[in-house]
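Chemist: Please see the structure below; I have some questions.
The values are calculated or read from the model by the stated rules, or taken from the named source; none is laboratory data. Just so it is clear, the structure is predicted and the values come from calculations on it, not from any experiment. Neighbour counts run over all protein chains shown; Cβ positions are idealised from the backbone, glycine included. Please note that ligands, DNA and RNA were not included when accessible areas were found on the heavy atoms of the full protein model with its side chains. Shrake-Rupley method; radii C 1.70, N 1.55, O 1.52, S 1.80 Å.
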Amino acid sequence: MNPRNATNRIALSALLVALMLVLGYVESLFPTPIPGMKLGLSNSILIFAVYILGIPNAFLLMILKVLLSGLMFGGVSAMMYAFAGGLLSMIFMCLLSRIKGVHVVVVSMTGGLMHNVGQVGMAMLILSTPKLLYYMAILMVVGLACGALTGVCADSVMKHLKKMFKH
């Protein structure tokens, strides 16, 4: 499948949105030791999209994921936090992905970090409290660790797909 072909791009995009929604749902079933902490498995799909489908499509996928998961699972407030985190994350991941020599895992770690910064920033704005900065420190460490994990997953998938398409 050539992701440059318009029909293939649409089909792949729909598949990736569905996969992100399923991963987000499955991830929500597991309790976490820190409130607000998630592995961010769907982030590995967005990283894949940045590299394979390009930046405009990756942004569209992030927006669709936020809207659909918010409508299905979270509500308007969840969408606001997810969009703030997703937008900041995507901006930084897209910028870093274009710098030659920056590894996918570093891009993902930055995405995880910035997602948490965006969400806590939105919470600080809505709740009008700077005290959440203390919580952000914890989530930044978690974001880096989870970003490393999802980056390794995305890198592994992309390497295997490259091998598949060569044959």
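Chemist: Looking at the chain, how many pairs of lysines come closer than 24 Å at the Cα, when each pair is eight or more places apart or spans two chains? Intermediate results must be reported in sequence, preceding the final value.
Modeler: Values: K38/K65; K38/K131; K100/K159; K100/K162; K100/K163; K100/K166.
Step by step, the pairs that qualify in the chain add up to 6.
Chemist: Do the sum for the chain: with -39,500 (n - 2.57) for every DSSP H run of n ≥ 4, divided by all residues, what is the mean residue ellipticity at 222 nm, to the nearest 500 deg cm²/dmol? Before the final figure, lay out each step's value.
Modeler: On the way: 6 runs with 131 residues, N = 167.
After summing the helix terms and dividing by the residues of the chain, the value is -27500 deg cm²/dmol.
Chemist: I'd like the orientation of helix 104-127 relative to the chain: the angle between its Cα long axis and the longest Cα principal axis, in ° from 0 to 90, rounded to 10.
Modeler: Taking the Cα atoms of the chain, the angle to 104-127 is about 30 degrees.
Chemist: Could you put T129, T150, T7, T32 in order of accessible surface area, largest first, with the 1.4 Å probe and the full protein assembly present? Intermediate values should be presented prior to the final figure.
Modeler: On the way: T129 40, T150 0, T7 100, T32 65 Å².
Per-residue accessible area, sorted high to low, gives T7, T32, T129, T150.
Chemist: Okay, next question. Hey, in the GNM for the chain with a 10 angstrom Cα cutoff, which one of M93, M109, M72 fluctuates hardest?
Modeler: So, out of M93, M109, M72, the one fluctuating most is M72.
Chemist: On to the next question. Give me the distance between the Cα centres of segment 31-45 and segment 130-159, rounded to whole Å.
Modeler: 9 Å
Chemist: Taking the 0 to 90 degree range and rounding to the nearest ten, how far is the long axis of helix 6-28 tilted relative to the main principal axis of the chain, both from C-alpha atoms?
Modeler: Once rounded, the angle reads 40 degrees.
Chemist: Would you work out the charge dipole size for segment 1-151 about its Cα centre, treating the Cβ of every Lys and Arg as +1 and the Cβ of every Asp and Glu as -1, and quote it to the nearest 20 debye? Walk me through the numbers before you get to the answer.
Modeler: On the way: 7 positive and 1 negative charges, 58 e Å.
Here segment 1-151 has a charge dipole of around 280 debye.
Chemist: I've got another one for you. What whole-number volume per residue, in cubic angstrom, does the convex hull of the C-alpha atoms of the chain give?
Modeler: On the way: hull volume 18.8 nm³, N = 167.
Output value, Cα hull per residue: 113 Å³.
Chemist: Can you give the three extents of the C-alpha atoms in segment 87-146 along their principal axes, from longest to shortest, in whole Å?
Modeler: The principal-axis extents, from largest down, are 39, 20, 12 Å.
Chemist: Using +1 at the C-beta of Lys and Arg and -1 at the C-beta of Asp and Glu, which of S42, L15, F73 has the Cα lying farthest in the positive direction of the dipole of segment 4-152?
Modeler: Farthest towards the positive pole: L15.
Chemist: Give me the distance in nm between label points sitting 7 Å out from Cα along the Cα-to-Cβ direction at K163 and L19, one decimal.
Modeler: Between K163 and L19, the label points sit 1.7 nm apart.
Chemist: With a 1.4 Å probe and all protein chains kept in place, how much accessible area does R9 have, in Å² rounded to the nearest 10?
Modeler: The accessible area of R9 comes to roughly 50 Å².
Chemist: Now for a separate question. Between the helical axis of 76-97 and the dominant principal axis of the chain, each derived from Cα atoms, what acute angle in degrees is found, rounded to the nearest 10?
Modeler: Computed tilt is about 50 degrees.
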